[in-house]
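Presented below is the structure to which this report refers.
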Amino acid sequence: AVLVLIILGFVWLASGLYRVLPDEQGVVLRFGKFVKTTQPGLNYHLPFPIENVLTPKVTKVNRMDIGFRSERDSGFSSGGVADVPEESLMLTGDENIVDIDFSVFWLINDAGKFLFNVQAPELTVKSAAETAMRQSIGQGGLQSILTEGRTEIEDKTRVLIQEIMNDYGTGITITQVQTQKADPPAQVI
């Protein structure tokens with residue numbers, strides 16, 4: 001009986017071994033509370049029920065479309081793109097309206113912060129991106145937005161979004177902001 005208990009104890013202790021893949025970070029929770037982040041490779045945590053591990057993918061580049069929804073996002077079967085004017089219509093610095101669609105590319109740089117500091121990180125990225133783009137568009141004129149000023153707006157917006165993400169402690173890095181289209185509204189055209 002003692003031998004069986006020793007073997008069961010050894011198996012229970014061995015159940016604490018876990019593997020973190022190269023594209024993941026391990027987040028160790030002790031009784032549900034965040035304890036530490038572990039890097040890829042073979043690691044050990046105290047066995048269940050004391051500790052458990054979450055392993056989100058941190059090298060996957062995520063994409064958030066703002067101002068439009070593509071077939072990829074909403075399951076359109078027609079292969080089209082649906083405009084979302086609530087997100088895409090913005091007021092420029094010279095008091096014109098521009099219809100701008102853009103995408104934000106981001107990845108997780110700190111899995112612990114990503115999982116526990118913000119309740120809805122994807123929604124936070126979307127809201128911060130809209131805010132930053134509206135600020136960038138509001139400081140520029142319509143002509144520069146429609147022509148040569150796009151790159152400057154993309155860079156400025158990326159920096160503003162990253163500042164917001166850092167202030168919120170989201171554990172997210174904004175890698176790129178890419179404008180898809182910038183036109184006057186359809187009614188104006």
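Of the residues examined, residue 188 is one that is β-branched (Val, Ile, Thr), part of a loop (DSSP other than H, G, I, E, B) and in contact (Cβ under 8 Å) with a residue 24 or more places away in the chain.
Does residue 162 qualify as being of a type in the set (S, T, N, Q) and within 20 Å of the chain's Cα centre (by Cα)?
Working: of a type in the set (S, T, N, Q): yes; within 20 Å of the chain's Cα centre (by Cα): yes.
Criteria met by residue 162.
Considering only the range 42-58, I want to know if a residue exists there that is surrounded by fewer than 16 Cβ atoms within 10 Å (Cβ to Cβ) and of a type in the set (D, E, K, R). Among the residues of the range 42-58, at least one is surrounded by fewer than 16 Cβ atoms within 10 Å (Cβ to Cβ) and of a type in the set (D, E, K, R), which makes the answer yes. Looking only at the range 120-159, residues that are open to solvent by less than 80 Å² (accessible area, probe 1.4 Å), without any contact (Cβ under 8 Å) to a residue 24 or more places away in the chain and not in a helix (DSSP H, G or I) come to 3 in all. Taking the criterion of being in a loop (DSSP other than H, G, I, E, B) and free of Cβ contacts under 8 Å to residues at least 60 places away in the same chain, the residues of the range 1-37 that qualify are 1, 15, 16, 21, 22, 23, 31, 32. From the list 112, 141, 171, the lone residue that is under 30 Å from residue 53 (Cβ atoms) and in contact with an Asp or Glu (Cβ under 7 Å, 6 or more places away or on another chain) is 171.
The values are calculated or read from the model by the stated rules, or taken from the named source; none is laboratory data. Only a predicted model underlies this, so the values are computations on that prediction, with no experimental measurement involved. Every residue, glycine as well, gets a Cβ built from its backbone with ideal geometry; the counts of neighbours run over all protein chains shown. Remember, those area values only see protein heavy atoms, side chains included, never the ligands or the DNA or RNA. Shrake-Rupley method; radii C 1.70, N 1.55, O 1.52, S 1.80 Å.
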